[in-house]
Amino acid sequence: MKSSRRQQLRTNELAQTLADLQEFLKANSGTVAVGVAAVVLVVGLGIYWYSAKVASHRQGWTDLYGSQLAPSANARLTNLRAVATKYKDSPVAAVAWLNYGDGALQQALSPGRPQPEQRRLLAEAANAYKTILATYPDHLLAVAGARFKLAGLAESQRRWDMAQRHYRGIIDDPRFANLPQKQLAVDAEKRLQQISQPVIFAKPPTTAPTTQTQPAAASGPAVRSAATQKASGTQPGTMPGE
């Protein structure tokens, strides 16, 4: 009896809840309709936003490809910066900054480049790579490329600790665990440990100083002659047999 009573009470509560909901819908039909319309509008705007975003990304990749077709190296850098700025909320920007850094680095290393211009281009390349690490940390390929290039720049300045930090940034990142970039970073770190060791020159062998022997006193003919005469029993000034 108690069990059936509890079941009856639950049934009555559900019926009452449904009745209350029906009364609410009747009394607030206009409000509910507006709410439904709002939901439909939000969904529609979401679909439109997603479609626009996809179209924007598609256009961004097109612009990125077109930036490489500029007639000069400076124009290509200008176009890449424009693409990175225009699509800053898209993965397109990460690739654009990576290409910008590579282009600036290539120009800096070109023969005959004046040193002030070379320093400026190297700084721009480093800033482009750092922008990737700071703004697009989820774009793994761009992050790996930026870290390798920053490590190379640090090595060229003999900043071994900084270079190792970028290699470790790839090695210690679990996202690269199954990617080839990790092994490349491991090999690069081993090479870095070899080239960063100070060069120690061997000391020249020490040899005992050579002593100069004094030449023996030369015995002149007169001395030898006297010694010979004494041994033969002759006196100086006389010929043997005299």
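Worth a mention:
- Among residues other than Asp173 with Cβ under 11 Å from its Cβ, the summed charge is +3 (Lys and Arg +1, Asp and Glu -1).
- Pairwise Lys count, the stretch 58-195 - Cα closer than 21 Å, eight or more residues apart or different chains: 7
- Extension gain (nm, one decimal) between Arg168 and Gln194, 0.36 nm per residue minus Cα-Cα: 7.8 nm
- Net charge contributed by nearby residues that have their C-beta within less than 12 Å of Asn79 (K/R +1, D/E -1): +2
- Charge tally in the Cβ shell below 12 Å around Ala163, where Lys, Arg are +1 and Asp, Glu are -1, Ala163 excluded: +4
- Additional length obtainable on full extension of the chain from Leu109 to Trp160, 0.36 nm per residue less Cα span: 16.3 nm
- With the simple model of a label 7 Å out from the Cα in the direction of the Cβ, Asn127 to Asp89 spans 2.5 nm.
Laboratory data are not the source of any read-out in this text; all were calculated from the coordinates shown. Not measured: the values here are computed from a predicted model. Note: ideal-geometry Cβ built from the backbone for every residue, glycine included; neighbour counts use all protein chains shown.
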